[in-house]
Amino acid sequence: VKDGENVMVMFAGVGPFAIEIAKRHKDAKVVAIELNTHAYKSMLENIAINKVENVIPVKGDVSKKVEKFRNWSDRVVMPLPKSARNFLDSVLVTAKNPCIVHYYFFGKQENALEKEKLKIREFFEKKGKKVRFLFSRIVRPYSPGIIELVVDFEIYENKNTA
């Protein structure tokens, strides 16, 4: 994250990503969306405890709340490995051109990364976007044969589709 960026944290939970980003980059604006009432209340407490003033907590469903942040995000964090793929349309709503996405997912140990990258590329290219992959790694083992991974990528306009 760079100072001055607008950062969208989807599925923010109790706020660990949003708060850490806000503390390290006081000139960044961080929107943290969370659906779960208990997690949202804990996020509000954590924001107060950590004395961060640049986090905007939003209670609700990501797919509905991103509309208020159309073309706003320089960066999107998606720490919901079980179903982040279901919210790629929401990324398109909030993303500026270009936009960096930090995307967490679960996969089988063999070829999980390459399979998911292909799905990501196909999704965005169907929407007229280009994808450039920046970084990826295994986050942790999840269960026998299943791992959590993260892939960071940039989406930007495909000038050939205009």
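The values are calculated or read from the model by the stated rules, or taken from the named source; none is laboratory data. Keep in mind it's a predicted model, so treat the numbers as computed, not measured. As a convention, Cβ positions derive from the backbone with ideal geometry for all residues, glycine included, and neighbour counts pool all protein chains shown. Calculation scope for accessible area: heavy atoms of the full protein, side chains included, ligands and nucleic acids excluded. Shrake-Rupley method; radii C 1.70, N 1.55, O 1.52, S 1.80 Å.
Can you tell me how much longer the chain between Lys117 and Lys68 gets when fully stretched, taken as 0.36 nm per residue apart minus their C-alpha distance, in nm with one decimal?
14.8 nm
As an exercise, identify the GluC sites (Glu not before Pro) in the stretch 67-153 lying in DSSP coil whose Cβ has no more than 16 other Cβ atoms within 10 Å.
Hits after loop and neighbour filter: Glu110.
Give the carbon-plus-sulfur fraction of the accessible surface of the stretch 1-131 in %, rounded to a whole number; probe 1.4 Å, heavy atoms of protein chains only.
50 percent
Gaussian network model of the chain, Cα springs within a sub-10 Å range: biggest mean-square fluctuation belongs to which of Ala112, Ala95, Ala18?
Result for the chain, Cα springs under 10 Å: Ala112 fluctuates most.
If I model a spin label as a point 7 Å beyond the Cα along the Cα-Cβ vector, how far apart are those points for Thr37 and Lys130 in nm?
Label at Thr37, label at Lys130, 4.7 nm between them.
Please report Rg over Rh for the stretch 41-95, where both radii come from the alpha carbon positions and Rh follows the Kirkwood definition.
Here Rg/Rh amounts to 1.00.
Among the listed pairs Lys65/Lys117; Lys2/Lys51; Lys82/Lys159; Lys2/Lys159; Lys23/Lys129, give every one whose C-alpha distance is greater than 30 Å.
Those over the limit are Lys82/Lys159; Lys23/Lys129.
Ignoring ligands, DNA and RNA, how do His38, His102 rank by accessible area with a 1.4 Å probe, largest first?
Most to least solvent-accessible, the answer reads His38, His102.
Hey, what's the Kirkwood Rh for the chain if you take every pair of different alpha carbons, in angstrom?
Taking every pair of different Cα atoms in the chain, averaging 1/r and inverting gives 16.2 Å.
Taking 0.36 nm per intervening residue step and subtracting the Cα-Cα distance, what contour gain separates Arg137 from Ile56 on full extension?
26.3 nm
Send over a whole-number figure in Å² for the accessible area per residue of the stretch 67-162, probe 1.4 Å.
Each residue of the stretch 67-162 exposes 57 Å² on average to a 1.4 Å probe.
Okay, helix-only estimate at 222 nm for the chain: each DSSP H run of n ≥ 4 adds -39500 (n - 2.57), divide by all residues, round to 500 deg cm²/dmol; what do you get?
-8500 deg cm²/dmol
Restricting to the chain, compute how many DSSP beta bridges are antiparallel as a %, nearest 5.
Percentage antiparallel, nearest 5: 55.
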